[in-house]
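Before any comments, here is the structure.
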Amino acid sequence: MKRTTLIGAAVSVALCCALNSNSNSNSNSARLLRTRSLRATSERSDLYEIPGVEKVKNKGLPWWWKWVWGLPLTQGGEPGEPLQLGDSLRVFKANIEQIYGGGESFDGAPLAEGDIAGLADGTLYLGMHEYALRFGPVYKLCFGPKSFIVVSDHNVAKRVLRENSRCYDKGVLAEILEDIMGKGLIPADPVTWKQRRRAIVPAFHRRWLERMTTMFAEKTDELCARLAKTTEAVDVEERVGSLALDIIGSAVFNYEFGSVDRVSPVVQAAVDTLREAEHRSVTPAPYWKIPGATYVVPRQVAFRSNMNLLNAELNKCVAAALLDRNEADIEQLERRDYETMENPSLLRFLVDARGEQASNKQLRDDLMTMLIAGHETTASALTWCIFELAQQPDLLRRVREEVDEACGDSIPSSLADVESLQLVRLCVAESLRMYPQPPLLIRRALDFDSLPPIDDDHPETRLARATDLFIAVYTIHRSPRYWEHPDTFDPTRFLRPFKNPDIPNWAGFDPARWLGSSLYPNELASDFAFLPFGGGARKGMRRALSRFASWWHPEEPEFAEQETLDGTVDYSAAAELAGAARKRRRREEERVRYECAILVAVTVAVLGTGIELSISKLSAWKFSAVEIMTRHGMYLKAGAVLCGFAAFCGLIAGATVVVFEPRAKGSGIPEIKTYLNGVAVHRVIAERTLVAKFVGIVFSVSGGLLCGKEGPMVHIGAIVGAIVSQGRFETLARRMHAPRVASHKFLRCAAEKLELIAIGTACGVSSAFGSPVGGVLFMIEEALSSWKRRLFFRATFAATLNCFAIVLLLTRFRTRKGKWTKLKFRGMAVFHDFDDDVRDYDATGLLFLSVLVGALVGLWGAAFVYANKRLTIWRARFFNESSSSSSSSKTARFAEVLLVSLCTALAAYVPAVSFDWCRKIDNPAPDGLKTKYAKRFQCDDDEYNEFATLALSSLSDAIAALFHQAASHAFSVQALACFMVYASVFTCVTYGLSVPSGLFIPSILNGATFGRLFAVLVLPLVFPNDSMNNQGHKVRSLAVAGGIAGLAATTRMTVSIVMIFASTIDDGAHLVPILVASLASKLAGDIFNEGLYDVHIHLNHYRFMEDDPPEKEDRDDDDDDDDSRRNGSIQAHVASQSTLACVPCRNASYKALLEVLQTPHHAFPVLDDDTGIYLGLVSRDQLCVVLHQATPQPPSSLSTSSSSEGSWGQPPPPRLAAVDADTRDFFPHFPRRGDLPPLSAVGEDAVLDLSPFVNRSALVVTPETNARYVWRLFRDLGLRHLPVVDSKRRVVGIVTRKDLLHAYDEPPRARKPLPPVVIDHSDISYTIDTGRGSGGSTSSRGINLAPHSTGIV
């Protein structure tokens, strides 16, 4: 058992490290290249016209040689351009002229010559190691016309992989692996790699890692049990490879290969595939690309067979995962119980992640990469580790003792166990040093570059464009220049520092750089002399995979569902300098703003026209077909057509939400309202949501669901505004006005983006109702938290243009003749004008009745909101939307959409044809206005079906019928009462259904129905002597009042909907009645609850800030300060998380800034270097951009001030300068901490002057500031952070939006106490009390925390 336990320990530890090989090095393409050409055009000519060739007159070359290289096909690209065929041909030309023409070498590297047997037997790296011993750490290796520069020096590796990584891609490796791994993590281009990295990194969270470590133990235990019974010789590599394959199959695919129990053909196929890749890397001509080669050449036939086998297995896994996809957000996926999940695989996470719509092929490429690279590196590392341990009995005994002490007879089954096995981990690391995976790294130069000199015998090496490189990792790891006794297996070497004085530019190996921060040594600890899995910027994926081997700390909330927006203006020196440079372009910028507003207005009008025309065509076909069938007595057939059409449209509308984009659900107004309040709701303004909203609302309304298209138009307008503001799509990142980036760059900030989103909402309302003023008032009353006069005028201009555009388009496409000049339609929802005689009304009586109708409808609205709230809560529980959803949940949501669609159709059709609703048409008007909306159905020619007129018409036509049917008895009490119940129930059920749906028109319909029903019942009692004509006018007027009251009852808006309503009926005479009705409805509803949009904001747990903080009674807390409770002051000195990080202003250490960025905060107070007083604020985004753009400052430009001088006799520390650090160049995807240059590339002592980037005008408050005033500052000014300073301008804390919301929670949220955090940076340290435990408490009116000291990091 001891032996099997030892093997299990080694396996668990090795597997924690092995998956790192899935992304073994950095690569970038020419599209990300920033030209760093080290050669001018004159130097480029050295490659194209080699001096040596001229001297020997191309001796040995044919006469046509020079003529061929003058053809356009053979010309290379310019510096900074993508590589072309001519660049590769020029490298081929230089090699031929050097070898056969006697020309001089452009690169300066010695040409390796000799026996190539060691290069062709499958051990390419061993042959290169022998060549390195003969020719040095840099030489050229040629295979016919193909050549490679082979390097085995740490400084050169650091140059290629880290310092100038943008100048290189994976070249021939990507070409070779493309047939195998497609666009997997290793060969992927940078754009695809970045997208897949963002999708895969969150999967390696702590809960999943703990579960996988347990699974490692279980799988290893099975192998150990089999080995314990074996008496014959065992092929260790095959057995361990089979184990690794089984583990990867379960962890990544949830697939049982069963290769431990039997000889696995999949393992052999993966090994043979890797060998084919190595063969192709050294083959001069890609003969495998010849058509038919894979069917003729035996080697390629075997390769095709192996790939078919691997693809078949992976396609099964992908298909099985997609079959029961359970879509959920990242946070929900991380909260899953992986211990009890049936399928806790990585593939399950990738498929279920909401918003990650990877194709089957992309998933297959990702899996192929992990399968081939992951299992092979694990098997190799473990095999060599076991081999070396078998050669050293004493070391093996020590390893056994460590395993026995840490785990006893069990196998390590948790991350804590892995952490305790230091010697085992070091053995795995040492095996990776002696037998690295991979032993070679392949790169290709994208532009001219110069490799640093190594010594006097190996000066600078020049690289031309398209030059291929081999980084000989095996040679570096076996070099005595970097390692003592490099051929000896000594795991403890990683605990001892080592420095070779013969290599002055090598920092040596320092154990302190990895001990305590990681479980394994890395390239930084060895200054790129240890590259077990490569190095460079693209090892970011490797770091994510290394969470198997280190404790996970979230660096940035990249995948947070809600991110707070910063709507303030940056007044730092750098920003002011940029602003001063733009003063001459103020007029141009204002012109660009109006251009964007025009584009938003026209685009929304076009989309609205498309929606309206589509709905009109589909609805007209449906209703006409049903009415014709009922006239001919085909009731069952008509009902079947109606139900079938409703089911078909419902399923399409449901698919847009359930399958395509969940954010398209509902009207979208709560989400847009939250976004404009300062909370970036994930994917709410993505183009996928726009597509889903457009398609979904067409089929929702056409199918007959009780929903409107007006609310979704607001959401559509907001998305269009967001896209236009940034000139890009939210997820596709396509530039719309790339040629004019300079003139549009000022738009790329949160404040400008929010303004255009607000304009889009106004245009959405204007398109829906043909009311520009109503749209602007809606933007102010309901959408915006704060507004400016400039925005008001621009929004009015855009809404007016939008209204004109949609009227023009609807007139053109809705009239048969299609005349553009005669405007006829006002918007998507129009209820037509009233007659002149209806405009005269009894002011006293009608106003009183309007108030009464409004109040009663307000009570109905309160009940409606309550019922919808309870239904939404039940839906969330039943469909499990608040946690990780299941396949049954998705099916159930589809079933609900189908059921509601069918029930809506049946509830409208069955009563219409089952009862006698026929009424005579009285006094038909010549223009047909009053009989236009009457539906005959089964009634006689001079009759109409009153229930069908309401239930089997479009919602707008039903409202118009209620408004314009003049006779008071046009609709009976029974018909109005039945329809009121029908409309109320199905409107409540539909809003919150998994389809795009609006609330405006259904609310008006319900209110108008109630208003007309009230009029029919009450008017004969109040005005018994009225003529039939006057009574009809009053009935219609109360229907109008009820309609506006219904909208006010559900939304709790007043002024904006009054203007919207007045525009739809074109009647200013009824302005007062509808105004008083809306006010009465809102006041009555507010007694019981809030509007439906606000209810859904709270149900979705959005961090929405109301106009004023909620009123709460004081609690009798012992820890509350009496003065604070009495005057409502906010005594805060902590940030919203666990530490408060401050940075110095003029001499900020690069190392310390990287430490600061490890915290989850989004802004950092900047303090004076000498006095420690508060100077201003710098945001995380600004700081990341500054560090990303920072470059070493030339010594001649260094300041001679005392602040830049070093200590006595010491040179000043190197300084960095960020010349181009404008955040607008990166908005909204700023660099993250993982994208920043590593400390080794910059220097331990590098410092940076942050003073140009400090926002010295950032608002601050004192601890005595009233909490309600702080709330108003956050809401009205769009703040994200608010520093708190004392009377001496010393920082005592930062208040964030989340702090305020937590402080005013009712009931208060339970907070887990956190201990004080101490961060030590050599001689500078600070201690921050988190204020979440006994050291502080949250009062009912603010945040009261005990004071504590703050230092600079």
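Kindly provide the set of residues from region 141-164 that are more than 24 Å from PHE92 (Cα to Cα) and open to solvent by 10 Å² or more (accessible area, probe 1.4 Å), ordered by number.
ASN155, LYS158, ARG159, ARG162, GLU163
For region 316-335, how many residues meet the condition of being in contact with a Lys or Arg (Cβ under 8 Å, 6 or more places away or on another chain) and under 15 Å from PHE660 (Cα atoms)?
The number of residues fulfilling the criteria is 5.
Please go through region 1011-1028 and pick out each residue that is in contact (Cβ under 8 Å) with a residue 40 or more places away in the chain and open to solvent by 10 Å² or more (accessible area, probe 1.4 Å).
LEU1013, PHE1014, VAL1016, LEU1017, VAL1018, VAL1022, PHE1023, MET1028
Answer yes or no: is there a residue in region 336-351 that is closer than 29 Å to ARG198 by Cβ, touching a strand residue (DSSP E or B) at 6+ places or on another chain (Cβ under 9 Å), surrounded by fewer than 22 Cβ atoms within 10 Å (Cβ to Cβ) and touching a residue at least 60 places away in the same chain (Cβ under 8 Å).
Taking every residue of region 336-351 in turn, at least one turns out to be closer than 29 Å to ARG198 by Cβ, touching a strand residue (DSSP E or B) at 6+ places or on another chain (Cβ under 9 Å), surrounded by fewer than 22 Cβ atoms within 10 Å (Cβ to Cβ) and touching a residue at least 60 places away in the same chain (Cβ under 8 Å).
Can you pull out the residues in region 165-188 that are over 17 Å from ARG364 (Cβ atoms) and either open to solvent by 30 Å² or more (accessible area, probe 1.4 Å) or of a type in the set (Phe, Trp, Tyr) (or both)?
ARG166, TYR168, ASP169, LEU173, GLU175 - these are the residues of region 165-188 that are over 17 Å from ARG364 (Cβ atoms) and either open to solvent by 30 Å² or more (accessible area, probe 1.4 Å) or of a type in the set (Phe, Trp, Tyr) (or both).
With LEU432, LEU415, LEU323, LEU396 as the choices, which residue is surrounded by 19 or more Cβ atoms within 10 Å (Cβ to Cβ) and either closer than 30 Å to ALA655 by Cα or modelled with pLDDT of 85 or more (or both)?
LEU432
Please specify each residue of region 268-292 satisfying the condition of being farther than 13 Å from MET307 by Cα and either modelled with pLDDT under 75 or of a type in the set (Asp, Glu) (or both).
GLU278, SER281, VAL282, THR283, PRO284, ALA285
Residue check, ALA1041 against (1) open to solvent by less than 30 Å² (accessible area, probe 1.4 Å); (2) not in a helix (DSSP H, G or I), all met but one. Which one?
(2)
Name the residues in region 764-794 that are assigned to a helix (DSSP H, G or I), touching a residue at least 24 places away in the same chain (Cβ under 8 Å) and more than 13 Å from SER1056 (Cβ to Cβ), would you?
Within region 764-794, SER767, LEU791, ARG794 qualify.
Please specify each residue of region 1052-1062 satisfying the condition of being out of contact with any Phe, Trp or Tyr (no Cβ under 6 Å at 6 or more places or on another chain) and either assigned to a helix (DSSP H, G or I) or buried (at least 24 other Cβ atoms within 10 Å of the Cβ) (or both).
ARG1052, VAL1055, ILE1057, VAL1058, MET1059, PHE1061, ALA1062 - these are the residues of region 1052-1062 that are out of contact with any Phe, Trp or Tyr (no Cβ under 6 Å at 6 or more places or on another chain) and either assigned to a helix (DSSP H, G or I) or buried (at least 24 other Cβ atoms within 10 Å of the Cβ) (or both).
If we scan region 626-636, do we find a residue that is of a type in the set (A, V, I, L, M, F, W, C), touching a residue at least 60 places away in the same chain (Cβ under 8 Å) and open to solvent by less than 40 Å² (accessible area, probe 1.4 Å)?
yes
Conditions (1) charged (D, E, K, R); (2) surrounded by fewer than 23 Cβ atoms within 10 Å (Cβ to Cβ); (3) over 40 Å from the mean Cα position of the chain (by Cα), marked per residue:
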site	(1), (2), (3)
VAL201	no, yes, no
PHE204	no, yes, no
MET212	no, no, no
ALA225	no, yes, yes
GLU237	yes, yes, yes
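From the list GLY854, GLY845, GLY861, pick out the single residue that is in a helix (DSSP H, G or I) and at pLDDT below 90.
When all the criteria are applied, what remains is GLY845.
Identify, by number, the condition in (1) modelled with pLDDT of 75 or more; (2) part of a loop (DSSP other than H, G, I, E, B); (3) of a type in the set (Gly, Ala, Ser) that GLY80 doesn't meet.
(1)
Checking CYS385 against (1) open to solvent by less than 10 Å² (accessible area, probe 1.4 Å); (2) at pLDDT below 90: exactly one of these is not met. Which one?
Failed condition: (2).
Considering region 976-1007 alone, what residues qualify as being more than 18 Å from TYR1093 (Cα to Cα) and in contact with a Lys or Arg (Cβ under 9 Å, 6 or more places away or on another chain)?
LEU976, the sole residue that qualifies.
Just one of (1) assigned to a helix (DSSP H, G or I); (2) closer than 27 Å to LEU415 by Cβ; (3) in contact (Cβ under 8 Å) with a residue 24 or more places away in the chain trips up ILE186, so point out which.
(1)
Go through (1) of a type outside the set (Gly, Ala, Ser); (2) touching a His at 6+ places or on another chain (Cβ under 7 Å); (3) closer than 30 Å to GLN938 by Cβ one by one and return the number of the condition LYS622 breaks.
(2)
Name the pairs: first residue in region 451-466 and more than 20 Å from ARG166 (Cα to Cα) and basic (Lys, Arg), second residue in a loop (DSSP other than H, G, I, E, B) and open to solvent by less than 30 Å² (accessible area, probe 1.4 Å), Cβ to Cβ under 6 Å, at least 6 apart or on different chains?
none
Taking region 664-704 as the region of interest, how many residues are assigned to a loop (DSSP other than H, G, I, E, B) and closer than 18 Å to PHE1104 by Cα?
Restricting attention to region 664-704, the residues satisfying the condition of being assigned to a loop (DSSP other than H, G, I, E, B) are 665, 667-668, 677-678, 682-686, 703-704.
Next cut, closer than 18 Å to PHE1104 by Cα only: 667-668, 677-678, 682-685.
Here the count works out to 8.
In region 967-988, which residues are among the aromatic types (Phe, Trp, Tyr) and in contact (Cβ under 8 Å) with a residue 60 or more places away in the chain? Full working, then the answer.
Kept after step one, since they are among the aromatic types (Phe, Trp, Tyr), are these residues of region 967-988: 971, 979, 982, 986.
Answer for region 967-988, where residues must be among the aromatic types (Phe, Trp, Tyr) and in contact (Cβ under 8 Å) with a residue 60 or more places away in the chain: TYR982, PHE986.
Only one of these is surrounded by fewer than 24 Cβ atoms within 10 Å (Cβ to Cβ) and modelled with pLDDT of 90 or more: ALA1008, ALA977, ALA925. Name it.
Selected residue: ALA977, the only one of ALA1008, ALA977, ALA925 that is surrounded by fewer than 24 Cβ atoms within 10 Å (Cβ to Cβ) and modelled with pLDDT of 90 or more.
Among the listed residues SER956, SER885, which satisfies the condition of being of a type in the set (Gly, Ala, Ser), under 39 Å from the mean Cα position of the chain (by Cα) and at pLDDT below 85?
SER885
Please specify each residue of region 241-259 satisfying the condition of being part of a loop (DSSP other than H, G, I, E, B) and either at pLDDT 75 or above or open to solvent by 10 Å² or more (accessible area, probe 1.4 Å) (or both).
Quick first cut of region 241-259, residues part of a loop (DSSP other than H, G, I, E, B) only: 254-259.
Correct list: ASN254, TYR255, GLU256, PHE257, GLY258.
Tell me, which residue of region 284-310 that is of a type in the set (S, T, N, Q) and buried (at least 16 other Cβ atoms within 10 Å of the Cβ) is farthest from LYS146 (Cα to Cα)?
Filtering first and then ranking leaves ASN306.
The values are calculated or read from the model by the stated rules, or taken from the named source; none is laboratory data. Remember, it's a predicted structure, so these values are computed and weren't measured experimentally. Note that we place each Cβ from the backbone using ideal geometry, even for glycine, and neighbour counts take in every protein chain shown. Surface accessibility is based on the protein's heavy atoms, side chains included, excluding ligands, DNA and RNA. Shrake-Rupley method; radii C 1.70, N 1.55, O 1.52, S 1.80 Å.
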